[in-house]
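Just below is one structure, and these are the notes that go with it.
The values are calculated or read from the model by the stated rules, or taken from the named source; none is laboratory data. All of these numbers come straight from a predicted model, not from anything done at the bench. Methodologically, a virtual Cβ is constructed for each residue, glycine included, from the backbone with ideal geometry; neighbour enumeration extends over all protein chains shown.
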Amino acid sequence: MRPVAGAWSLARRAEREARRAAARRAEDAALGALDALLASRLGVEAVDRVLSSDLASHAVGKALEGPLVDAIARDVVRYAVLERLAGGVLDDPELERALVAALDSPAAERLMTHVLESRLIDEAVRRLLAGEELWLVVEEVAQSPAVTEAITRQSIGFADQVAGGVRARSRNADAWLERAARRAIRRPPADAPPDAP
Amino acid sequence: MSTPPPQAPVYEGLVTRAIALAVDAAIVDVIALIVGVGLGLVVSTLGFSHDLRVALLAFGGVAFVVWTVAYFTVFWSTTGQTPGNRLMRLRVCREDGAPLSPRRAVWRFGAMVLAALPLLTGFLTVLVDDRRRGLHDMLAGTVVVGLSLP
C-alpha cells in the first residue's frame with residue numbers, strides 16, 4: 001500500500017503546482033490587459049463617456065441623497081479623520097516651509113493690500129459699527145467685574161503714584177525750608193552733630 | 001533670632017503737614033458747602049421770616065464750627081490720621097507715641113486755632129524745633145510722625 005499512497009501524494013502535489021501556475025499566468029494576463037486598456041485611448045474615452053453620462057449623474061445624486069453621506073460624516077467624526085489629517089499635515093515641515101514662503105511672497109503682500117483696500121472691509125466695519133450687537137458686547141465687557149476691577153486697581157495705583165510724588169516733593173521742600181530757617185537764626189541743622197563743650 | 005531695634009520716629013515738616021491740612025480743609029469745606037447749599041434751597045422755598053433766617057444762619061455757623069472740630073478731633077483721637085494725613089502718610093500722636101485722648105484732641109484743635117491767629121506764625125516753630133513741633137503741638141504735648149511705606 002505504501003508505494004500507492006506515495007504516488008497518490010506526488011500526483012496531488014503536481015496537480016496543485018499546475019493549478020497555481022495556471023492561476024498566476026491568468027492573473028498576469030488580466031493585469032496586462034487592464035494596463036493596456038488604461039493606457040489606451042479606448043479606456044480614456046470609456047471613462048469620459050461613463051462620467052458624462054446621465055447614469056453617472058444619477059448614481060452620484062442617489063449616493064448623496066441616501067444615507068451614505070450621513071454614514072461617512074459619522075465615521076469621519078468617529079475615527080477622528082480630520083484631526084489625523086490636520087495633525088499629519090500641520091506637522092509636516094515641508095508644508096510649513098511652503099506656507100512661510102507663500103506668506104513672504106510679494107503676491108501674498110499684493111493680495112493682502114487688495115483685501116485691505118477693498119470696499120468689502122469698509123462695508124464690514126461700517127455694518128459692524130452700525131449694528132447694536134457690537135455695542136451690547138462692548139457694554140457687557142465694560143460692565144464685567146474683571147474690567148471694572150482692573151480699572152479701579154489702575155485708578156488707585158495712579159492716585160497712589162501721584163500722592164507718592166507729592167509726598168517726595170513735599171519732604172524735599174521741608175528739608176530745604178528748614179535748612180533756610182535754621183541758617184537765618186544761626187542754628188545748626190537738625191541732623192548736625194552737637195557742638196563739643 | 002534678635003528683634004531689630006526700634007526705629008527713631010521721623011517727624012514731619014511744615015510743607016507736608018500744610019498739604020495734609022489743606023486736603024482736610026477742602027474736605028470739610030466741600031461737605032459743609034453741599035449741606036449748606038441744600039439747606040439754603042430748602043429754606044428759600046419755605047418763606048421763613050427775616051429773623052428766623054438770621055437765627056438759622058447763626059445756627060449754621062455754630063454747626064460748621066462743631067462739624068470742623070468734630071472732624072479733626074474724631075480722626076485724631078481714633079486713628080490719629082485725618083484723610084489728609086492718610087494721604088501724606090502722617091500720624092498725630094502724643095510725645096510718647098500713644099494715641100490722643102478726645103480731650104487732648106479738642107485741646108490740640110483749640111491750640112491750632114491759636115497758632116493760626118497771629119498770621120500763622122504759630123506754625124513756624126515747626127521749622128526750627130528739633131521734633132518739628134508747632135505751637136499747638138507744644139501746647140498739647142503732641143508730635144506728627146511719618147509712617148513708613150508698607
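Data overview
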read-out: Residue identified as in a helix (DSSP H, G or I) and farther than 30 Å from B:M88 by Cβ among A:A150, A:A124, A:A168; value: A:A124
read-out: The range A:32-56: number of residues that are of a type in the set (V, I, T) and touching a helix residue (DSSP H, G or I) at 6+ places or on another chain (Cβ under 7 Å); value: 1
read-out: Out of A:V69, A:V89, sole residue that is within 23 Å of the chain's Cα centre (by Cα) and β-branched (V, I, T); value: A:V89
read-out: Meets criteria (within 14 Å of another protein chain (Cβ to nearest Cβ) and loosely packed, with under 13 Cβ neighbours inside 10 Å) for B:A22; value: yes
read-out: Restricting the range B:82-107 to residues that are outside any strand (DSSP E or B) and in contact with a Leu (Cβ under 7 Å, 6 or more places away or on another chain), the residue that is surrounded by the most Cβ atoms within 10 Å (Cβ to Cβ); value: B:G84
read-out: Matching entry among A:P193, A:P188 (being at pLDDT below 85, within 11 Å of chain B (Cβ to nearest Cβ) and over 29 Å from the mean Cα position of the chain (by Cα)); value: A:P188
read-out: Residue that is surrounded by 15 or more Cβ atoms within 10 Å (Cβ to Cβ), without any contact (Cβ under 8 Å) to a residue 40 or more places away in the chain and either out of contact with any Pro (no Cβ under 6 Å at 6 or more places or on another chain) or basic (K, R) (or both), where the choices are B:V35, B:V66, B:V15; value: B:V15
read-out: Which listed residue, of A:S105, A:S155, A:S170, is at pLDDT 85 or above, surrounded by 11 or more Cβ atoms within 10 Å (Cβ to Cβ) and either farther than 30 Å from B:D129 by Cβ or not hydroxyl-bearing (S, T, Y) (or both); value: A:S105
read-out: Qualifying residue in the range B:68-87 (condition: of a type in the set (K, R) and more than 14 Å from every other protein chain (Cβ to nearest Cβ)); value: no
read-out: Test: residue in the range B:94-116 that is within 14 Å of another protein chain (Cβ to nearest Cβ) and either closer than 21 Å to B:A26 by Cβ or touching an Asp or Glu at 6+ places or on another chain (Cβ under 9 Å) (or both); value: no
read-out: Single residue of the range B:118-144 satisfying the filter (outside any helix (DSSP H, G or I) and surrounded by fewer than 19 Cβ atoms within 10 Å (Cβ to Cβ)) that is farthest from the other protein chains (Cβ to nearest Cβ); value: B:G141
read-out: Exclusive hit being within 14 Å of chain B (Cβ to nearest Cβ) and either more than 30 Å from B:G13 (Cα to Cα) or in a helix (DSSP H, G or I) (or both), set A:L177, A:L136, A:L129; value: A:L177
read-out: Counted residues, the range A:78-88 - those being of a type in the set (A, V, I, L, M) and exposed (fewer than 11 other Cβ atoms within 10 Å of the Cβ); value: 1
